[in-house]
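All remarks here apply to the structure that follows.
The values are calculated or read from the model by the stated rules, or taken from the named source; none is laboratory data. Keep in mind it's a predicted model, so treat the numbers as computed, not measured. Positions of Cβ are backbone-derived with ideal geometry, glycine not excepted, and every protein chain shown enters the neighbour counts.
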There are 2 protein chains.
Amino acid sequence: MDKREIKVMKKILNMNDNIAKELRQELAKENICLINLMSSPGSGKTTIMEKTAAELEKNICVIEGDIQTTLDAERIANAGIQTYQINTGPFGGDCHLESSWVKAAIAEMNITDTDIIFVENIGNLVCPAEFDVGAHVNAVVLSVTEGEDKPLKYPLAFRNSQLCVISKIDLLPYLDLDLDKLISNIKNINPKMEIITLSAKTMKGFSDWIDFLKK
Amino acid sequence: MDKREIKVMKKILNMNDNIAKELRQELAKENICLINLMSSPGSGKTTIMEKTAAELEKNICVIEGDIQTTLDAERIANAGIQTYQINTGPFGGDCHLESSWVKAAIAEMNITDTDIIFVENIGNLVCPAEFDVGAHVNAVVLSVTEGEDKPLKYPLAFRNSQLCVISKIDLLPYLDLDLDKLISNIKNINPKMEIITLSAKTMKGFSDWIDFLKK
(Lines give C-alpha, C1' and ligand atoms only; values in the text may rest on other atoms or scores of the structure.)
Protein backbone atom coordinates (compact mmCIF):
# COMPACT_ATOMS: atom_id res chain seq x y z
CA MET A 1 0.00 0.00 0.00
CA ASP A 2 2.92 2.28 0.75
CA LYS A 3 4.14 1.87 -2.80
CA ARG A 4 0.80 2.88 -4.24
CA GLU A 5 0.67 6.00 -2.07
CA ILE A 6 4.10 7.13 -3.29
CA LYS A 7 3.04 6.59 -6.88
CA VAL A 8 0.03 8.89 -6.52
CA MET A 9 2.03 11.51 -4.67
CA LYS A 10 4.68 11.55 -7.39
CA LYS A 11 2.07 12.04 -10.09
CA ILE A 12 0.61 15.01 -8.23
CA LEU A 13 4.03 16.53 -7.66
CA ASN A 14 4.96 16.15 -11.35
CA MET A 15 1.74 17.82 -12.44
CA ASN A 16 2.24 20.58 -9.89
CA ASP A 17 5.82 21.20 -11.09
CA ASN A 18 4.76 21.41 -14.73
CA ILE A 19 2.02 23.95 -14.03
CA ALA A 20 4.43 25.92 -11.81
CA LYS A 21 7.02 26.08 -14.59
CA GLU A 22 4.46 27.31 -17.15
CA LEU A 23 3.07 29.92 -14.75
CA ARG A 24 6.57 31.23 -13.98
CA GLN A 25 7.27 31.64 -17.71
CA GLU A 26 3.93 33.30 -18.48
CA LEU A 27 4.34 35.86 -15.69
CA ALA A 28 7.95 36.61 -16.67
CA LYS A 29 6.72 37.46 -20.18
CA GLU A 30 4.40 40.06 -18.65
CA ASN A 31 7.20 41.42 -16.39
CA ILE A 32 5.37 40.27 -13.27
CA CYS A 33 7.38 38.86 -10.39
CA LEU A 34 5.70 36.19 -8.22
CA ILE A 35 7.01 36.03 -4.64
CA ASN A 36 6.01 33.11 -2.42
CA LEU A 37 6.13 33.84 1.33
CA MET A 38 6.37 30.80 3.58
CA SER A 39 6.41 30.76 7.38
CA SER A 40 5.00 29.37 10.61
CA PRO A 41 1.68 30.77 11.81
CA GLY A 42 2.11 34.19 13.37
CA SER A 43 5.46 35.17 11.86
CA GLY A 44 4.03 38.51 10.78
CA LYS A 45 3.59 37.97 7.02
CA THR A 46 0.29 39.88 6.84
CA THR A 47 1.63 42.86 8.78
CA ILE A 48 4.66 42.94 6.49
CA MET A 49 2.26 42.98 3.50
CA GLU A 50 0.25 45.84 4.99
CA LYS A 51 3.37 47.94 5.54
CA THR A 52 4.78 46.97 2.13
CA ALA A 53 1.62 48.36 0.51
CA ALA A 54 2.29 51.70 2.21
CA GLU A 55 6.04 51.85 1.56
CA LEU A 56 6.58 50.32 -1.88
CA GLU A 57 5.91 52.46 -4.95
CA LYS A 58 4.94 49.52 -7.14
CA ASN A 59 1.67 47.87 -8.13
CA ILE A 60 1.22 44.79 -6.02
CA CYS A 61 -1.42 42.10 -5.53
CA VAL A 62 -1.66 39.46 -2.84
CA ILE A 63 -2.95 35.89 -2.98
CA GLU A 64 -3.85 34.78 0.53
CA GLY A 65 -3.68 31.09 1.35
CA ASP A 66 -5.56 29.97 4.43
CA ILE A 67 -7.29 26.80 5.47
CA GLN A 68 -10.25 28.92 6.40
CA THR A 69 -11.32 32.49 7.25
CA THR A 70 -10.71 35.58 5.16
CA LEU A 71 -9.19 37.50 8.10
CA ASP A 72 -5.83 38.12 6.44
CA ALA A 73 -7.40 38.96 3.08
CA GLU A 74 -9.62 41.56 4.80
CA ARG A 75 -6.55 43.16 6.40
CA ILE A 76 -4.76 43.30 3.05
CA ALA A 77 -7.82 44.62 1.21
CA ASN A 78 -8.14 47.33 3.87
CA ALA A 79 -4.59 48.35 3.01
CA GLY A 80 -5.87 49.05 -0.52
CA ILE A 81 -4.36 46.03 -2.26
CA GLN A 82 -6.13 43.70 -4.66
CA THR A 83 -6.43 40.41 -2.82
CA TYR A 84 -7.56 36.93 -3.73
CA GLN A 85 -8.31 34.45 -0.95
CA ILE A 86 -7.72 30.74 -1.44
CA ASN A 87 -9.37 28.70 1.32
CA THR A 88 -8.19 25.11 1.21
CA GLY A 89 -11.09 23.56 3.04
CA PRO A 90 -13.45 23.92 5.95
CA PHE A 91 -11.99 21.45 8.49
CA GLY A 92 -8.35 20.47 8.34
CA GLY A 93 -8.07 21.34 4.65
CA ASP A 94 -4.89 21.25 2.65
CA CYS A 95 -1.80 22.44 4.45
CA HIS A 96 -0.09 24.03 1.45
CA LEU A 97 -0.89 25.82 -1.83
CA GLU A 98 -0.39 24.22 -5.23
CA SER A 99 0.51 25.88 -8.52
CA SER A 100 -2.85 25.10 -10.17
CA TRP A 101 -4.72 27.01 -7.45
CA VAL A 102 -2.36 29.99 -7.71
CA LYS A 103 -2.76 29.92 -11.49
CA ALA A 104 -6.56 29.83 -11.18
CA ALA A 105 -6.49 32.73 -8.71
CA ILE A 106 -4.33 34.85 -11.03
CA ALA A 107 -6.67 34.10 -13.94
CA GLU A 108 -9.50 35.70 -11.96
CA MET A 109 -7.52 38.77 -10.90
CA ASN A 110 -6.91 41.95 -12.85
CA ILE A 111 -3.13 41.96 -13.20
CA THR A 112 -2.75 44.72 -15.78
CA ASP A 113 0.24 46.92 -14.77
CA THR A 114 0.99 44.68 -11.78
CA ASP A 115 4.67 44.52 -10.84
CA ILE A 116 4.64 41.98 -8.03
CA ILE A 117 2.19 39.29 -6.96
CA PHE A 118 2.78 38.01 -3.45
CA VAL A 119 1.56 34.61 -2.33
CA GLU A 120 1.03 34.44 1.42
CA ASN A 121 1.27 30.68 1.72
CA ILE A 122 -0.49 28.75 4.50
CA GLY A 123 1.17 29.17 7.91
CA ASN A 124 3.25 26.02 7.99
CA LEU A 125 7.02 25.57 7.72
CA VAL A 126 6.79 21.99 6.46
CA CYS A 127 4.44 21.21 3.58
CA PRO A 128 4.40 24.45 1.52
CA ALA A 129 8.15 23.98 0.89
CA GLU A 130 7.39 20.77 -1.00
CA PHE A 131 5.15 22.43 -3.59
CA ASP A 132 6.48 24.81 -6.26
CA VAL A 133 3.74 27.43 -6.75
CA GLY A 134 5.42 28.99 -9.80
CA ALA A 135 7.21 31.75 -7.88
CA HIS A 136 10.30 33.57 -9.13
CA VAL A 137 11.37 34.17 -5.53
CA ASN A 138 10.68 31.91 -2.56
CA ALA A 139 11.08 33.60 0.80
CA VAL A 140 10.90 32.29 4.36
CA VAL A 141 9.67 34.66 7.05
CA LEU A 142 10.96 33.62 10.48
CA SER A 143 10.08 35.49 13.66
CA VAL A 144 12.83 35.95 16.27
CA THR A 145 10.45 34.35 18.79
CA GLU A 146 10.79 30.98 17.03
CA GLY A 147 14.35 30.19 18.14
CA GLU A 148 17.76 29.61 16.55
CA ASP A 149 17.18 25.95 15.67
CA LYS A 150 14.33 26.28 13.16
CA PRO A 151 16.48 26.30 9.98
CA LEU A 152 18.02 22.99 11.12
CA LYS A 153 14.65 21.46 11.98
CA TYR A 154 12.77 22.64 8.88
CA PRO A 155 15.57 22.67 6.30
CA LEU A 156 13.54 22.23 3.12
CA ALA A 157 11.85 25.64 3.35
CA PHE A 158 15.26 27.25 3.86
CA ARG A 159 16.97 25.18 1.17
CA ASN A 160 14.31 26.05 -1.44
CA SER A 161 14.26 29.80 -0.73
CA GLN A 162 16.42 32.66 -1.94
CA LEU A 163 15.50 35.09 0.83
CA CYS A 164 14.96 34.83 4.57
CA VAL A 165 13.18 37.67 6.34
CA ILE A 166 13.87 37.57 10.08
CA SER A 167 10.89 39.43 11.56
CA LYS A 168 9.84 41.01 14.87
CA ILE A 169 13.38 42.14 15.76
CA ASP A 170 11.80 44.72 18.10
CA LEU A 171 11.31 41.77 20.50
CA LEU A 172 15.03 40.85 20.61
CA PRO A 173 15.69 42.67 23.93
CA TYR A 174 13.09 40.45 25.63
CA LEU A 175 14.27 37.11 24.23
CA ASP A 176 17.28 34.86 24.83
CA LEU A 177 17.73 34.48 21.07
CA ASP A 178 21.28 34.46 19.68
CA LEU A 179 20.74 36.22 16.34
CA ASP A 180 24.24 35.41 15.04
CA LYS A 181 23.63 31.73 15.75
CA LEU A 182 20.29 31.87 13.91
CA ILE A 183 21.94 33.49 10.89
CA SER A 184 24.77 30.96 10.90
CA ASN A 185 22.23 28.11 11.07
CA ILE A 186 20.44 29.58 8.02
CA LYS A 187 23.75 29.88 6.15
CA ASN A 188 24.62 26.27 7.05
CA ILE A 189 21.44 25.07 5.36
CA ASN A 190 21.62 27.52 2.45
CA PRO A 191 24.92 29.40 2.03
CA LYS A 192 23.46 31.56 -0.77
CA MET A 193 20.47 32.79 1.24
CA GLU A 194 19.96 36.54 1.32
CA ILE A 195 18.95 37.57 4.85
CA ILE A 196 16.99 40.66 5.90
CA THR A 197 16.24 41.47 9.55
CA LEU A 198 13.32 43.79 10.19
CA SER A 199 10.51 44.92 12.43
CA ALA A 200 7.19 45.84 10.82
CA LYS A 201 6.29 47.50 14.13
CA THR A 202 9.24 49.90 14.57
CA MET A 203 10.09 49.74 10.81
CA LYS A 204 13.76 49.08 11.66
CA GLY A 205 15.37 47.31 8.69
CA PHE A 206 12.18 47.60 6.63
CA SER A 207 13.93 49.67 3.95
CA ASP A 208 16.19 46.65 3.21
CA TRP A 209 13.05 44.66 2.33
CA ILE A 210 11.71 47.50 0.17
CA ASP A 211 15.11 47.76 -1.59
CA PHE A 212 15.04 44.02 -2.23
CA LEU A 213 11.59 44.33 -3.83
CA LYS A 214 12.70 47.28 -6.01
CA LYS A 215 15.31 45.02 -7.59
CA MET B 1 -6.89 10.62 -10.22
CA ASP B 2 -8.26 12.73 -7.40
CA LYS B 3 -10.64 9.96 -6.48
CA ARG B 4 -7.83 7.46 -6.24
CA GLU B 5 -5.84 9.76 -3.98
CA ILE B 6 -8.71 10.15 -1.53
CA LYS B 7 -9.21 6.41 -1.43
CA VAL B 8 -5.62 5.79 -0.39
CA MET B 9 -5.69 8.57 2.17
CA LYS B 10 -8.86 7.23 3.73
CA LYS B 11 -7.37 3.78 4.06
CA ILE B 12 -4.35 5.20 5.88
CA LEU B 13 -6.53 7.27 8.17
CA ASN B 14 -8.70 4.26 9.05
CA MET B 15 -5.64 2.18 9.85
CA ASN B 16 -4.17 5.03 11.88
CA ASP B 17 -7.39 5.41 13.88
CA ASN B 18 -7.59 1.71 14.66
CA ILE B 19 -4.01 1.55 15.94
CA ALA B 20 -4.60 4.75 17.94
CA LYS B 21 -7.67 3.26 19.61
CA GLU B 22 -5.81 0.07 20.56
CA LEU B 23 -2.82 1.99 21.88
CA ARG B 24 -5.08 4.23 24.01
CA GLN B 25 -6.73 1.17 25.57
CA GLU B 26 -3.45 -0.67 26.20
CA LEU B 27 -1.89 2.33 27.95
CA ALA B 28 -5.01 2.93 30.05
CA LYS B 29 -4.76 -0.65 31.33
CA GLU B 30 -1.26 0.13 32.55
CA ASN B 31 -2.39 3.44 34.10
CA ILE B 32 -0.26 5.44 31.69
CA CYS B 33 -1.59 8.70 30.31
CA LEU B 34 -0.50 9.72 26.80
CA ILE B 35 -0.52 13.47 26.16
CA ASN B 36 -0.08 14.78 22.60
CA LEU B 37 1.33 18.31 22.38
CA MET B 38 0.65 20.11 19.10
CA SER B 39 1.86 23.59 18.13
CA SER B 40 3.57 25.79 15.59
CA PRO B 41 7.36 25.74 15.48
CA GLY B 42 8.86 27.73 18.35
CA SER B 43 5.87 27.79 20.72
CA GLY B 44 8.08 26.62 23.58
CA LYS B 45 7.00 22.96 23.89
CA THR B 46 10.52 21.70 24.62
CA THR B 47 11.18 24.34 27.27
CA ILE B 48 7.84 23.47 28.90
CA MET B 49 8.93 19.80 28.92
CA GLU B 50 12.29 20.68 30.52
CA LYS B 51 10.59 22.67 33.28
CA THR B 52 7.90 20.02 33.74
CA ALA B 53 10.62 17.43 34.39
CA ALA B 54 11.92 19.61 37.21
CA GLU B 55 8.54 20.54 38.73
CA LEU B 56 6.35 17.44 38.38
CA GLU B 57 6.76 14.62 40.87
CA LYS B 58 5.73 11.91 38.45
CA ASN B 59 7.58 9.52 36.16
CA ILE B 60 7.45 10.92 32.66
CA CYS B 61 8.83 10.00 29.24
CA VAL B 62 8.87 12.06 26.07
CA ILE B 63 8.54 11.02 22.44
CA GLU B 64 10.03 13.72 20.25
CA GLY B 65 8.70 14.14 16.72
CA ASP B 66 10.90 16.06 14.32
CA ILE B 67 11.47 15.96 10.62
CA GLN B 68 15.16 15.89 11.35
CA THR B 69 17.76 16.64 14.04
CA THR B 70 17.77 15.31 17.61
CA LEU B 71 18.16 18.81 19.09
CA ASP B 72 14.98 18.70 21.16
CA ALA B 73 15.56 15.11 22.28
CA GLU B 74 19.03 16.09 23.51
CA ARG B 75 17.55 18.94 25.55
CA ILE B 76 14.96 16.62 27.10
CA ALA B 77 17.52 13.88 27.78
CA ASN B 78 19.72 16.48 29.47
CA ALA B 79 16.78 17.23 31.77
CA GLY B 80 17.01 13.59 32.90
CA ILE B 81 13.95 12.25 31.08
CA GLN B 82 13.77 9.11 28.99
CA THR B 83 13.34 10.30 25.41
CA TYR B 84 12.66 8.62 22.10
CA GLN B 85 13.24 10.55 18.89
CA ILE B 86 11.12 9.94 15.83
CA ASN B 87 12.64 11.57 12.73
CA THR B 88 10.17 11.52 9.88
CA GLY B 89 12.63 11.87 7.04
CA PRO B 90 15.74 13.59 5.84
CA PHE B 91 14.35 16.24 3.45
CA GLY B 92 10.78 17.42 3.74
CA GLY B 93 9.71 14.29 5.57
CA ASP B 94 6.29 13.70 7.02
CA CYS B 95 4.68 16.70 8.66
CA HIS B 96 2.88 14.82 11.43
CA LEU B 97 3.19 11.73 13.63
CA GLU B 98 1.03 8.64 13.18
CA SER B 99 -0.16 6.20 15.81
CA SER B 100 1.87 3.28 14.46
CA TRP B 101 5.12 5.23 14.93
CA VAL B 102 4.17 6.27 18.46
CA LYS B 103 3.26 2.65 19.23
CA ALA B 104 6.59 1.42 17.84
CA ALA B 105 8.47 4.03 19.88
CA ILE B 106 6.69 3.02 23.11
CA ALA B 107 7.46 -0.65 22.40
CA GLU B 108 11.17 0.20 22.46
CA MET B 109 11.01 2.32 25.63
CA ASN B 110 11.11 1.15 29.22
CA ILE B 111 7.73 2.34 30.51
CA THR B 112 7.64 0.44 33.82
CA ASP B 113 6.27 2.78 36.51
CA THR B 114 5.72 5.56 33.94
CA ASP B 115 2.80 7.87 34.74
CA ILE B 116 2.74 10.12 31.70
CA ILE B 117 4.15 9.82 28.18
CA PHE B 118 4.28 13.11 26.31
CA VAL B 119 4.35 13.26 22.54
CA GLU B 120 5.97 16.44 21.27
CA ASN B 121 4.41 16.38 17.84
CA ILE B 122 6.05 17.99 14.81
CA GLY B 123 5.92 21.80 14.87
CA ASN B 124 2.90 22.35 12.64
CA LEU B 125 -0.61 23.53 13.51
CA VAL B 126 -2.23 21.87 10.50
CA CYS B 127 -1.45 18.24 9.75
CA PRO B 128 -0.82 16.71 13.22
CA ALA B 129 -4.42 17.57 14.15
CA GLU B 130 -5.66 15.18 11.44
CA PHE B 131 -3.91 12.14 12.89
CA ASP B 132 -4.98 10.50 16.16
CA VAL B 133 -1.77 9.27 17.80
CA GLY B 134 -3.59 7.35 20.53
CA ALA B 135 -3.43 10.13 23.14
CA HIS B 136 -5.77 10.42 26.13
CA VAL B 137 -5.29 14.18 26.09
CA ASN B 138 -4.62 16.37 23.06
CA ALA B 139 -3.19 19.78 23.88
CA VAL B 140 -2.39 22.79 21.72
CA VAL B 141 0.47 25.03 22.80
CA LEU B 142 0.07 28.54 21.41
CA SER B 143 2.59 31.29 22.01
CA VAL B 144 1.27 34.81 22.65
CA THR B 145 3.50 35.99 19.80
CA GLU B 146 1.31 34.13 17.28
CA GLY B 147 -1.70 36.46 17.41
CA GLU B 148 -5.38 36.30 18.39
CA ASP B 149 -6.61 34.84 15.09
CA LYS B 150 -4.85 31.47 15.12
CA PRO B 151 -7.74 29.42 16.65
CA LEU B 152 -9.99 30.69 13.82
CA LYS B 153 -7.42 29.96 11.12
CA TYR B 154 -6.34 26.52 12.37
CA PRO B 155 -9.57 25.28 13.98
CA LEU B 156 -9.05 21.53 13.74
CA ALA B 157 -6.16 21.48 16.22
CA PHE B 158 -8.30 23.48 18.66
CA ARG B 159 -11.46 21.47 18.01
CA ASN B 160 -9.67 18.13 18.60
CA SER B 161 -7.94 19.20 21.83
CA GLN B 162 -9.04 19.29 25.44
CA LEU B 163 -6.39 21.72 26.66
CA CYS B 164 -4.82 24.89 25.28
CA VAL B 165 -1.60 26.12 26.85
CA ILE B 166 -1.00 29.78 26.03
CA SER B 167 2.77 30.16 26.39
CA LYS B 168 5.37 32.95 26.65
CA ILE B 169 3.06 35.28 28.61
CA ASP B 170 6.19 37.08 29.88
CA LEU B 171 6.24 38.72 26.42
CA LEU B 172 2.71 40.20 26.74
CA PRO B 173 3.93 43.68 27.77
CA TYR B 174 5.85 43.96 24.49
CA LEU B 175 3.08 42.77 22.17
CA ASP B 176 -0.20 44.25 20.92
CA LEU B 177 -1.96 40.95 21.67
CA ASP B 178 -5.48 41.10 23.14
CA LEU B 179 -5.41 38.05 25.44
CA ASP B 180 -9.16 38.16 26.14
CA LYS B 181 -9.86 38.15 22.41
CA LEU B 182 -7.53 35.17 21.93
CA ILE B 183 -9.29 33.25 24.71
CA SER B 184 -12.73 34.10 23.31
CA ASN B 185 -11.61 32.90 19.85
CA ILE B 186 -10.49 29.61 21.40
CA LYS B 187 -13.83 29.24 23.19
CA ASN B 188 -15.71 29.98 19.96
CA ILE B 189 -14.00 27.04 18.29
CA ASN B 190 -14.13 24.75 21.31
CA PRO B 191 -16.35 25.89 24.20
CA LYS B 192 -15.16 23.01 26.42
CA MET B 193 -11.46 23.81 26.04
CA GLU B 194 -9.50 24.10 29.29
CA ILE B 195 -7.08 27.03 29.01
CA ILE B 196 -3.84 27.57 30.93
CA THR B 197 -1.68 30.69 30.49
CA LEU B 198 1.95 30.38 31.52
CA SER B 199 5.54 31.43 31.06
CA ALA B 200 8.22 28.75 31.26
CA LYS B 201 10.73 31.58 31.64
CA THR B 202 9.29 33.42 34.65
CA MET B 203 7.27 30.32 35.75
CA LYS B 204 4.13 32.50 36.10
CA GLY B 205 1.07 30.23 35.77
CA PHE B 206 3.26 27.12 35.54
CA SER B 207 1.69 25.61 38.66
CA ASP B 208 -1.67 25.48 36.82
CA TRP B 209 -0.07 23.21 34.22
CA ILE B 210 1.52 21.04 36.93
CA ASP B 211 -1.87 20.82 38.71
CA PHE B 212 -3.51 19.77 35.43
CA LEU B 213 -0.93 16.98 35.02
CA LYS B 214 -1.43 15.78 38.61
CA LYS B 215 -5.09 15.09 37.80
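Descriptive notes on the structure:
- Restricting segment A:41-71 to residues that are of a type in the set (S, T, N, Q) and over 27 Å from B:Val126 (Cα atoms) leaves a set whose member that is nearest to the other protein chains (Cβ to nearest Cβ) is A:Thr52.
- Test set (1) closer than 24 Å to A:Thr70 by Cα; (2) part of a helix (DSSP H, G or I); (3) more than 14 Å from every other protein chain (Cβ to nearest Cβ) - A:Asp211 fails condition number: (1)
- Yes/no for B:Lys168 being within 21 Å of B:Leu97 (Cβ to Cβ), buried (at least 19 other Cβ atoms within 10 Å of the Cβ) and charged (D, E, K, R): no
- Index of the failed condition, A:Ser99 passing every other in (1) within 13 Å of chain B (Cβ to nearest Cβ); (2) more than 14 Å from B:Tyr154 (Cα to Cα); (3) not aliphatic (A, V, I, L, M): (1)
- Among (1) more than 13 Å from every other protein chain (Cβ to nearest Cβ); (2) free of Cβ contacts under 8 Å to residues at least 24 places away in the same chain, the one test that A:Glu74 misses: (1)
- Of the listed requirements (1) part of a loop (DSSP other than H, G, I, E, B); (2) at the interface with chain A (Cβ under 8 Å from one of its Cβ atoms), B:Leu171 misses just one: (1).
- Members of segment A:174-197 that are acidic (Asp, Glu) and more than 10 Å from chain B (Cβ to nearest Cβ): A:Asp178, A:Asp180, A:Glu194
- Filter result for B:Ile35 (modelled with pLDDT of 90 or more and touching a strand residue (DSSP E or B) at 6+ places or on another chain (Cβ under 6 Å)): yes
- Only one entry of B:Leu142, B:Leu156 meets the criterion of being within 14 Å of chain A (Cβ to nearest Cβ) and under 13 Å from the mean Cα position of the chain (by Cα), and that entry is B:Leu142.
- Qualifying positions in segment A:109-166 - assigned to a loop (DSSP other than H, G, I, E, B) and among the charged types (D, E, K, R): A:Asp113, A:Asp115, A:Asp132, A:Glu148, A:Asp149
- Cross-chain or 6+ apart pairs with Cβ under 8 Å, segment A:101-126 first and without any contact (Cβ under 8 Å) to a residue 60 or more places away in the chain, then polar (S, T, N, Q) and buried (at least 24 other Cβ atoms within 10 Å of the Cβ): A:Val126/B:Asn124
- Qualifying position, being among the hydrophobic types (A, V, I, L, M, F, W, C) and over 21 Å from B:Phe158 (Cα atoms), among B:Leu182, B:Leu175, B:Leu198, B:Leu213: B:Leu175
Per-residue answers, yes or no, for (1) at pLDDT below 90; (2) within 17 Å of A:Glu30 (Cβ to Cβ):
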site: A:Val62; (1), (2): no, no
site: A:Leu71; (1), (2): yes, no
site: A:Thr88; (1), (2): yes, no
site: A:Gly92; (1), (2): yes, no
site: A:Lys103; (1), (2): no, yes
site: A:Thr112; (1), (2): no, yes
site: A:Asn121; (1), (2): no, no
site: A:Asp132; (1), (2): no, no
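- Tally of residues being surrounded by fewer than 18 Cβ atoms within 10 Å (Cβ to Cβ) and in contact with a strand residue (DSSP E or B) (Cβ under 6 Å, 6 or more places away or on another chain) across segment B:109-136: 2
- Residue within segment B:107-123 that is within 9 Å of chain A (Cβ to nearest Cβ), in contact with a His (Cβ under 7 Å, 6 or more places away or on another chain) and closer than 22 Å to A:His96 by Cβ present: yes
- Verdict on B:Ile117 being of a type in the set (A, V, I, L, M) and modelled with pLDDT under 90: no
- B:Lys181 vs. criteria within 27 Å of A:Lys201 (Cβ to Cβ), assigned to a helix (DSSP H, G or I) and free of Cβ contacts under 8 Å to residues at least 60 places away in the same chain: yes
- For segment B:27-40, the count of residues that are within 13 Å of chain A (Cβ to nearest Cβ), polar (S, T, N, Q), part of a helix (DSSP H, G or I) and closer than 30 Å to B:Lys153 by Cβ is zero.
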